[in-house]
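Okay, so here's the structure we're looking at.
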Amino acid sequence: MVTFENVSFSYQTGMETPASSVVLKDVNLHIKKGECIVLCGKSGCGKTTMLRLVNGLAPHFYAGNLQGAVRVHGMDIPSSDLPKISRFVGSVFQNPRTQFFHMDTTGEMAFNLENQNMPREKMKKRLEEVAYHLHLEELLERDIFELSGGEKQQIACGSVYASLPEVVVLDEPSSNLDMESIQKLQKLIRTMKEDGKTILMSEHRLWYLSGMTDRYILMDNGRIIREYEPIEINALTQQERTALGLRAVNPQQLHIMPETANRNLNQEPAIEIHGLTFNRGQRQVLDIRHLAIPKGAIVAVIGENGAGKSTLSLCLAGLLRHNGTIMIERKTVPNKKLPETAFLVMQEAGHQLFSDSVMGELTLNNPSLTEEQAQAVLRELGLAGLENRHPGSLSGGQQQRLALATAICNRRPVMLYDEPTSGQDGDNLLRTVEIIRKANENAVCSLIVSHDPELIARCATHILHIHAGEVKKLLPLDERGNIYMWKVFREDAQIRKPQKTGIPRLLEFTAPFGSMLFLSQLLAGASALLLLAPFLCVYFAARELLDFLLGGSIDASALAYWGLWALGFELAGLIVNFIALLLSHKAAFHTEQNLKMAVLEHLSRLPLGYFEENSSGKLRKIIDENSKQTESYLAHQLPDLVGAQVSMVAAALLMLAVDWRIGLPVLVLMMIGFAFQMSMMGEETMNFMKRYQDAQEDMSHEAVEYVRGISVIKIFGQSVHSLRRFKEAIHAYRDDALAYTMACKPGYVAFNTVVNSSFLALIPAALIGMAAAADLETFAQNFLFYLIFAPACAAMLNKLMYMTNYKMQAVESMRRIDEILLTREQAEPREFKLPQGNDVRFDHVTFTYPTGEGPAISDVSFLAKGGTVTALVGHSGSGKSTIGSLIPRFYDIQEGCISIGGVALSSMNRKALMERVAFVFQNPKLLKASIEENVRGGKKNAAAEDILNALHLAGCDDILEKLPDGIHTMIGGKGVYLSGGEIQRLAIARAILKDAPIIVLDEATAFADPENEAQIQQALKELTKNKTVIMIAHRLSTITDADQIIVMKGGQIAEYGRHEELAARQGEYARMWTEYQKSIRWQMDNVGNTAGVHHDALKSGQEQEAASC
């Protein structure tokens, strides 16, 4: 497919390297169709040039001297033109922005197809296929400039894939990507390989290509020095990889213990941050209430894309205006002084290189730096000999190192680095580590924004996790910190990024009544104008009265005329406003309905694990209160806001039109009032509102939990202790409400003072106007207008203030609803597979709960064969229930694979999976419905006879006999209440009716009394006949007959086997069995002793009675 025969190549003068430099030397390589080949080696070894020879950019665009032959698909590259080559070879560059030609994503993906003159309908169908196949639906019809780096890389891959090339070349595609984006890129490359594409790429990060690469081609100084099979390159030691300039080649090699874990640091804070906030428009990007970074620390800042990591570094560098306080070595540093205190090395280093030479870049604004010192720094960073090169002619990695050199030479107290190892090979990674450490010796602390675990493990002393603009954790990078870091790296972003926020996002839910809402706003504006007209009528009537007072005659008909017009305008305004409100209410009610339905439908598609982390009280409040707030805004406040805005514009024009000399001072006064009003609507107020609503949600949640547990609280006399969290939530709500109020106080007082002091402007204007007026009567008439109209303007501004505040609340409400709507659903396979059997296999499975710091289970592998019983035992917290909850896919795992019948859970349809697995919980829930309806939950179309048979098999006959309405008896609410054991048996009946081939039992007899336990055990025998059973148990006597017992300890499998084998090994299970036997004997001894005491007491009593007789 691709052949290099004795290829040597050198660039012409003026290109990237001098003419005398031979970039490739006698290269021979043959790549078969469908192979995935990775070119690796140190920077500058010739990898990119080989890719350019394959896609034709060299020698057609990058001119040079080519010797030997390069053929692709039988086509000679030097003699073929680029359009012809592009039909067979697709290219993805290191920086995808350099290959984009369109402003939107769909146009970009269609660009290659347009160049191939593909018919429109065929092109449209092809784009739909590509988006479906590569999971790019969410990225279509988007602005290219709004995409993250990973999303841009996905679009570049999609554009290439759409053109159906035989060969795909990728030049360091992961260099600027975070971990989540790398995982998506990995899936894209795997899809291309599965489709038979020939893939040739150059890459420094090799670990994510493990399992996909057929051969690794190691290059050095323009030559191929060795080819590695995957098994060979994986066998290289760390020392061997370092010598070859290679980074980790598989995911396991990334998990190295941090080198700075035991470093002792000064606990005195180097940087203290208080109330740091930053907003872009109405969207809050940062909200850091408090953060203290120890002196001498090198802190790795981690988190998802868009979390606010780079924004934090820009704020610390003084490049963004923010609210809050930043203290360095206990001294408050104003924003304008931060650039003199901190130095930031940007991710795209070319943005901060300004000189015309490398040496000039080091000495720029640094006159004290000597040439010898600069030369030493350049040698240390591998840039020796490039002193006179223009920074723009350097490679991306060289520019990154030049920015690092500039940082070292400037010696600022705070050093900030944003992805300093993007595009760096193994040698330069280690060199960067040493440079950062050395620079930190002369600084108070350093912060590194990075997704590179190799850099972090070798360099950082702490990790700082930023999520959604807030600090989640600041931990030393010890063993616990390392576990937490990998937990963050493994997580996909749980929240999608909205394309629209605030009111534009809310308006998306107004369909199909959006036009009705728009019409209501037009009518609200018209109503505002009509309701202004009566003021003019009153003004004209007052002029008639003024004429009379000045000695003229009164015209009663004119007064009546203006009075009737005022009444007419008032009635017309009210009628139009009534129609506007009717329309806005109708649109608002449907919008509220659309919001609630969208949220409920989305919740139905979320995994059950989501509801473990988000209480019902919290979700109920988010849905009900926030949707109600948006309805109120659309129905009432939005028309009023439009009316107030139209009124203010019309009033300003009128004030200038009647007599600008009087109107201008009043208008200036109103503008000052408006400025005070806006001061209450800024970033700080939005942050206070967010905290206020957060506190309200927490208080609501704690109130629900308190009421639910009040019976237990009273029984155990824990009233004071249990009230603590509820009381703290109330106090937090009080504090945030007061802080919100006090934050608005200065602006509100100033606003009211100004708008209610219109006479302060009118009286001086009147005195000056009277002195300058040629006609006092006309001036008096005009002045009368302002006396009437100025108070009305104050009322309009007041209304505008309140409506704007309601708008802020609606924006915050929509943001909170989006927290649910934008939560990622569990991925559904597009082409699902059906299991061929009922075996359950765990293959190197690692899983961490979203709220956990470390893995709940780690590297768990076992096989539960179809039709057998597998028991999971171990102490509490060992991971048993976690394994059980992963089988029905309550959560998605981060590593490994879980399969049923040879098919991975992720490849199964959710409905098919639920039909195949039945789960009996430790604490089952029943609906407030009849027994029949509760059991029918196992099979919707079950006949009444089948339900009765399931209840019989589950040993529920005695339950039905004592209930007057039998299976029609209502449970809970106004119905009957059952014991825990009875509820458990009904849950088993439901599982029997479902008749799923795989049963997961989670401590099914945990809360049963002896009588109920015997009945439950009998019911379980009926349930598990000929089924694959995963049983979680603490009572070891119940699992002695299991086909396989798996002993869990600390989230890992300690041992496994049958009962007899494990008991004989004298391991963890034998110890547990011995302890269990002792506990049984202790219980029996206690029962015997109790019985003896009762017997002695009875005998003594009888003797005393005989003696008394």
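Structure values in brief
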quantity	calculated
Extension gain from Ala652 to Leu863, taking 0.36 nm per residue of separation minus the Cα-Cα distance	68.1 nm
Extended-chain gain in nm, criterion 0.36 nm per residue less alpha-carbon gap, Arg142 and Ser8	44.0 nm
By average C-beta atoms within 10 angstrom, highest first, the peptides 536-546, 985-995	985-995, 536-546
Spatially proximal lysines relative to Lys336 (Cα-Cα < 26 Å; intrachain offsets below 8 disregarded)	Lys295, Lys309
Residue (of Gly56, Ala528, His636) at the positive-pole extreme of the chain, dipole from beta-carbon charges	Gly56
Spatial separation of Cα centroids for the range 821-841 and the range 205-239, in angstrom	33 Å
Burial order of peptide ranges 349-357, 1020-1028, 587-595, 479-487 (average beta-carbon count within 10 Å, highest first)	587-595, 479-487, 1020-1028, 349-357
Charged-residue dipole, Cβ positions (Lys, Arg, Asp, Glu), the range 266-490 about Cα centre, Debye nearest 20	800 debye
The range 853-891 versus the range 128-186: alpha-carbon centroid distance in Å	35 Å
Simple spin-label estimate for Phe101 and Asn366 in nanometres, 7 Å along Cα-Cβ	4.2 nm
Over 22 Å between alpha carbons, listed pairs Lys865/Lys940; Lys152/Lys807; Lys618/Lys727	Lys865/Lys940; Lys152/Lys807
Magnitude of the charge dipole, the range 76-145, Cβ model with Lys/Arg +1 and Asp/Glu -1, debye to 20	220 debye
Shape of the chain, Cα gyration tensor, a/c cut at 1.5	oblate
DSSP bridge orientation in the chain - percent antiparallel, rounded to nearest 5	55 percent
Where labels lie 7 Å past Cα in the beta-carbon direction, separation of Asp1043 and Tyr1076 in nm	2.0 nm
Whichever lysines have a C-alpha closer than 30 Å to that of Lys1078, once near sequence neighbours (fewer than 8 apart) are set aside	Lys880, Lys1021, Lys1049
Three-way shape label, the range 266-490, alpha-carbon gyration tensor, a/c 1.5	prolate
Farthest positive-ward along the range 412-517 dipole, Cα basis, beta-carbon charges - from Asn442, Phe509, Leu429	Phe509
Helix-only [θ]222 nm of the chain, DSSP H runs n ≥ 4, -39500 (n - 2.57) each, per residue, nearest 500	-16500 deg cm²/dmol
Taking Glu915, Glu121 and counting other C-beta atoms within 10 Å, the order from fewest to most	Glu121, Glu915
Karplus 3J(HN,Hα) series, Hz, for the range 953-966 with 6.51 cos²θ - 1.76 cosθ + 1.60 (x for Gly, Pro)	5, 7, x, 9, 4, 5, 5, 5, 5, 8, 9, x, 9, x
Residues whose placed amide H lies under 5 Å from that of Leu286, excluding near-sequence neighbours	Phe278
Residues with amide H under 5 Å from that of Val471, placed H, sequence gap 5 or more	Arg289
Student exercise, the chain dipole from Lys, Arg, Asp, Glu Cβ charges, in Debye to nearest 20	460 debye
Label-point separation in nm, His844 to Gln1052, each point 7 Å along Cα→Cβ	1.5 nm
Part-to-part distance (alpha-carbon centres) for the range 24-73 and the range 301-350, which is given in Å	42 Å
For peptides 565-571, 79-85, sequence by mean Cβ density within 10 Å, most packed first	565-571, 79-85
Computed E for Glu961/Asp694 - FRET, C-beta separation, R0 56 angstrom, nearest 0.05	0.60
Backbone N under 20 Å from the Asp214 label point (7 Å along Cα→Cβ), restricted to the range 129-162	161
Leading residue at positive end of dipole, the chain (Cβ point charges), from Gly74, His274, Ala558	Gly74
Distant-in-sequence amide H partners of Asp220 (H built 1.01 Å from N, under 5 Å)	Ile225
Theoretical gain in end-to-end length, Asn335 to Phe354 [0.36 nm per residue, Cα-Cα removed]	4.5 nm
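Read-outs throughout are calculated quantities, based only on the coordinates presented, and are distinct from any laboratory measurement. As the structure is a computational prediction, the values presented were derived from the model and not from experiment. Don't worry about glycine lacking a Cβ; one is built from the backbone with ideal geometry, like all the others, and counts go over all protein chains shown.
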